Amino acid sequence: MASMATLFVNTPYPSHSFPKPSSAHFAPVLKLSTHLGSKPRTRQRLRISNGLIEPDGGKLAELFVEESKKGETKKEAAALPRINLSRIDLQWVHVISEGWSSPLRGFMRESEFLQTLHFNSLRLDDGSVVNMSVPIVLAIDDAQKRRIGESTRVALLDSDDNLIAILKDIEIYKHLKEERIARTWGTTAPGLPYVDQAITNAGNWLIGGDLEVLDPIKYNDGLDRFRLSPTQLREEFTKRNADAVFAFQLRNPVHNGHALLMTDTRRRLLEMGYKNPILLLHPLGGYTKADDVPLSWRMKQHEKVLEDGVLDPETTVVSIFPSPMHYAGPTEVQWHAKARINAGANFYIVGRDPAGMGHPTENRDLYDADHGKKVLSMAPGLERLNILPFKVAAYDKTQGKMAFFDPSRPQDFLFISGTKMRTLARNKENPPEGFMCPNGWRVLVDYYDSLVPADNDKVPEAVPA
């Protein structure tokens, strides 16, 4: 069986031009009723056609400096005020520069920030609306603001003072942290991971503007070959003659329940009349909280899933989604779906409590488990995307494998939570046969075994990605 590395074409980074693809099709298959007194929004019936779904705004916003102009850009940057980017800031530059957030062309100015917070969308010059549910912003402090002064451009550097980009036609405005947190997460409770990592101690100002990025972002961690841009993914889907692309995002190891959902989705798409649906298995590769399995280990595990034949390499593309994780539930899942439109996906698989987490101070989930899929079916700017809700999968004790839950015989099913899975792996115990491919499970056991216990016999927390 081919390894994941063979799933990709080694090509130079794509040019800045982006040919407009064929006009796309697509309406979510999930239909929900509403009791708000108004007629529910209806969407056109699904129709089958060739060509990938068009990016938001009609064209991917790829923001790289042309090779012939790099010398001039470096010279200009040397004379500009400087801002050093955090690791999460750099991940957002990665996201913006490759076009995941198209038609956004840089860190948000105030009008874009306010539209995102209040409407979860952006209105374009032609009056059309695209989804944008999480603020993509760059914070600066008072001292940085003073150094910038009247300059209309700033140079963005990484933590080692390497030039990353120029931010031009800048706008500086107040960073209203409490409002941002309340509207993004629906709570200001302490202990929200992304808030603690990227907002609480950030500056009191936000700086927006258009990005000119010197080079594609690389991390030199052995995984860059899996970080395909939206353009590269579209090229891969076209090469494979995909007439449908269905995306599955995850930040956890793949078990056989996940695989069942993905293979069943392909079966359903074939029954709809598609000839060659391609799965985009798209693990999140930006910041994640400390107790999530790190990206490098997740990618090892995903590779074993393909090698063991749980998923078919011929109909699966594995790539890393570079976005940081907010854990903002129904608000964030819109961002995850929107970004996949820009990568060419016209179907998005959504499950229980997408992008959710436990409440940081109370013993309950922070979000209603069903709200994510309901919000996706109604979200502004996502009308072209087909939402495919999860069927619930659990371990069927009568069959010795993962299967779709049958409510008529609940006693036959075992639900293995993430907590239970982690406990088994830490203790080097095996899950029930058929829960996860053996080689994939071994990777998970090896990961927890790599966390050497401290003197008090407690396993230390992992470092966030």
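Per-structure values
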quantity: Spread of Cα-to-Cα distances over 10 Å intervals beginning at zero, given as percent, for region 127-274; calculated: 8, 22, 30, 25, 13, 3, 0
quantity: Cα-based Rg / Dmax (Å) for region 305-412; calculated: 16.4, 45
quantity: Angstrom value of the Kirkwood radius, inverse mean 1/r, which spans all Cα pairs in region 350-429; calculated: 15.2 Å
quantity: Value of [θ]222 nm, deg cm²/dmol, for the chain, DSSP H segments ≥ 4, -39500 (n - 2.57) each, nearest 500; calculated: -9000 deg cm²/dmol
quantity: Percentage relative contact order, region 278-391, counting C-alpha pairs under 8 Å, at least six apart; calculated: 26 percent
quantity: Where GluC sites (Glu not before Pro) in DSSP loops with at most 15 other Cβ within 10 Å are excluded, longest remaining stretch of the chain; calculated: 151-361
quantity: Accessible area expressed per residue, the chain, with surrounding protein chains retained (probe 1.4 Å, Å²); calculated: 45 Å²
quantity: Dipole magnitude of the chain about its Cα centre (Cβ charges: Lys, Arg +1; Asp, Glu -1), debye to nearest 20; calculated: 1220 debye
quantity: Kirkwood Rh and Cα Rg combined as Rg/Rh, region 248-377; calculated: 0.96
quantity: Protein accessible area in region 67-213, 1.4 Å probe - carbon and sulfur %; calculated: 43 percent
quantity: Positive dipole terminus of the chain, leading residue within ALA369, VAL93, GLN144 (C-beta point charges); calculated: ALA369
quantity: Separation in nanometres of the label points that stand 7 Å from Cα toward Cβ, at ASN220 and MET378; calculated: 4.9 nm
quantity: Note, ³J(HN,Hα) from phi for region 94-101, Karplus 6.51, -1.76, 1.60, rounded to Hz, x at Gly and Pro; calculated: 4, 4, 5, 5, 8, x, 4, 9
quantity: Pairs of alpha carbons in region 67-213 whose separation is greater than 19 Å (percent); calculated: 53 percent
quantity: Computed E for ASP196/LYS275 - FRET, C-beta separation, R0 41 angstrom, nearest 0.05; calculated: 0.30
quantity: Charge-dipole axis of the chain as Lys and Arg at +1 and Asp and Glu at -1 on Cβ define it, positive-most pick from ASN439, LEU104, ALA165; calculated: LEU104
quantity: Size of electric dipole in region 85-166: Cβ of Lys, Arg +1 and of Asp, Glu -1, about Cα centre, debye, nearest 20; calculated: 140 debye
quantity: Along each principal axis, Cα extent of the chain, largest first, Å; calculated: 71, 61, 51
quantity: Region 173-190 and region 224-275: distance between their alpha carbon centers, rounded to Å; calculated: 34 Å
quantity: Relative contact order for the chain, counting Cα pairs under 8 Å that sit 6 or more residues apart, in percent; calculated: 19 percent
quantity: Positive-end residue of PRO253, MET272, SER319, charge dipole of region 236-365 with Cβ unit charges; calculated: MET272
quantity: Restricting region 266-338 to trypsin sites (Lys or Arg not before Pro) in coil, as DSSP defines it, with at most 14 other Cβ within 10 Å; calculated: LYS275
quantity: Nitroxide proxy distance, nm - points 7 Å out along Cα→Cβ at ALA143 and GLU179; calculated: 2.8 nm
quantity: Estimated dipole of region 302-424 in Debye, rounded to 20 [Cβ of Lys and Arg +1, of Asp and Glu -1, Cα centre]; calculated: 180 debye
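The values are calculated or read from the model by the stated rules, or taken from the named source; none is laboratory data. Given the structure is predicted, the values throughout are model-derived calculations rather than measurements. A quick note on method: Cβ atoms are made from the backbone with ideal geometry, for glycine too, and the neighbour counts reach across all protein chains shown. With ligands, DNA and RNA removed, areas are computed over all heavy atoms of the protein, side chains included. Shrake-Rupley method; radii C 1.70, N 1.55, O 1.52, S 1.80 Å.
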